[in-house]
Amino acid sequence: MSRLLPVWTLCERELVRFYRDKSRVIGALTPPIVFWFLIGSGLGASFRMPGSAQGMTFLQYFFSGTLVLIVLFTSVFSTISIIEDRHGGFLQTVLVAPIPRLSLVLGKVLGASVVGFLQGLSFLIFAQPAGIPVTASGYALAALTLGLCSLSLTGIGFCIAWLLDSTQGFHAIMNLFLIPMWMLSGALFPIATAPHWLQAVMKINPVTYGVSALQQSLALGGLSAAPLAPLGFCLVVLTATGALVLAGSAWLVCRRPGP
């Protein structure tokens, strides 16, 4: 049996389950877009950013943060299928199958990551209609950033879902842990306007580098007189975070005899 076959099978299963459930597709995409429109419209008149380009609105600034929110909602909550599979007996079946446990990690993480990535892309195409002057290379860099963000956030969700036994507990931990990470990423307000202690917290938050990379990819670097970090450094941080959480997921699955 090819080592890649179980990985692809589990990945395909995640994609089929997600896109067959239309309520999940709508639920993962619509709330962030409504959030973007309402918050962006409400705060647009009062939003001022040091060094921002003339004519830039809060809706345009908030666009990159909304992209990360869509990926976060989709990728992380796709990993809740781990708990559902455990209760349904499917996970136990996979664990006793003659395949490496690493295949389980790669298949589940890759499937949820692709779902989050595709949902993010479906909103990224609205960058030009939103008045953001993005180029073809900007779209490519933004897509790369979305992929890395999706992988990192899915890995975090996998680790938490593997350790929990109830979907209610998963939702509670996600709201306690990941929503603050997103709020302190520069998605809602620029890091330059935050207090010094909050800037320190934001700089150790890996989601901050995802938002910064998207802002620079979408030609929003002119919004800030002092970007958090160069685009290349942001991508390195995202890649390292993805590799770290993927290694952590593999360690968790391989160290436990089974759920």
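The values are calculated or read from the model by the stated rules, or taken from the named source; none is laboratory data. Since the structure is predicted, the reported quantities are computational estimates derived from the model, not experimental observations. Don't worry about glycine lacking a Cβ; one is built from the backbone with ideal geometry, like all the others, and counts go over all protein chains shown. Note: areas computed on protein heavy atoms with side chains; ligands, DNA, RNA excluded. Shrake-Rupley method; radii C 1.70, N 1.55, O 1.52, S 1.80 Å.
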* **Selection from G169, G210, G186, by position along the positive dipole direction of the chain (Cβ)** => G169
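From Cα pairs below 8 angstrom and at least 6 apart in sequence, can you work out the relative contact order of the chain, rounded to a whole percent?
Details: 336 pairs, mean separation 71.4, N = 259.
Taking the mean separation of contacting Cα pairs over the length of the chain, I get 28 percent.
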* Structure fact -> SASA check, L4, accessible area w/ 1.4 Å probe, all protein chains in place, rounded to nearest 10 Å², comes out at 130
* **Percent accessible area from carbon and sulfur atoms, the chain, protein chains only, probe 1.4 Å** => 72
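Can you give the percent of C-alpha pairs in the chain whose distance is more than 23 Å?
Values: 16797 of 33411 pairs.
Considering the chain, 50 percent of its Cα-Cα pairs are separated by more than 23 Å.
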* To do: Any chance you could run the full-extension gain for L198 through I179? It's 0.36 nm times the residue separation minus the Cα-Cα distance, nm to one decimal.
  => 5.3 nm
* What list of whole percents do you get for P(r) of segment 101-176, with Cα-Cα distances grouped in 10 Å bins up to the one holding the largest distance? -> 17, 38, 27, 15, 3
* **Residue-normalised accessible area of the chain, given per residue in Å² at a 1.4 Å probe** => 45
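Given a Förster distance of 41 angstrom, what is the FRET efficiency for T135 paired with T9, based on the Cβ-Cβ distance and rounded to 0.05? Mind dumping the intermediate values first?
Numbers: r = 38 Å, r/R0 = 0.93.
So the FRET efficiency works out to roughly 0.60.
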* Structure fact -> Each label sits 7 Å from Cα toward the beta-carbon; between F233 and F35 the label points are separated, in nm, by 2.8
* **Exposed trypsin sites (Lys or Arg not before Pro) absent: longest stretch of the chain, with sites in DSSP loops and at most 16 other Cβ within 10 Å deemed exposed** => 49-259
* Per-peptide average of other Cβ atoms within 10 Å, ordering 247-253, 25-31, 74-80 highest first -> 74-80, 247-253, 25-31
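Size of the dipole of the chain about the Cα centre, Lys and Arg at +1 and Asp and Glu at -1 on the beta carbon, nothing else charged, in debye to 20? Can you show the working numbers first?
Working: 13 positive and 6 negative charges, 57 e Å.
For this selection, approximately 280 debye.
Suppose R0 equals 25 Å; then what is the FRET efficiency for L163 and A97 from their Cβ-Cβ distance, rounded to the nearest 0.05? The partial results should precede the final answer.
Numbers: r = 22 Å, r/R0 = 0.88.
It comes out at approximately 0.70.
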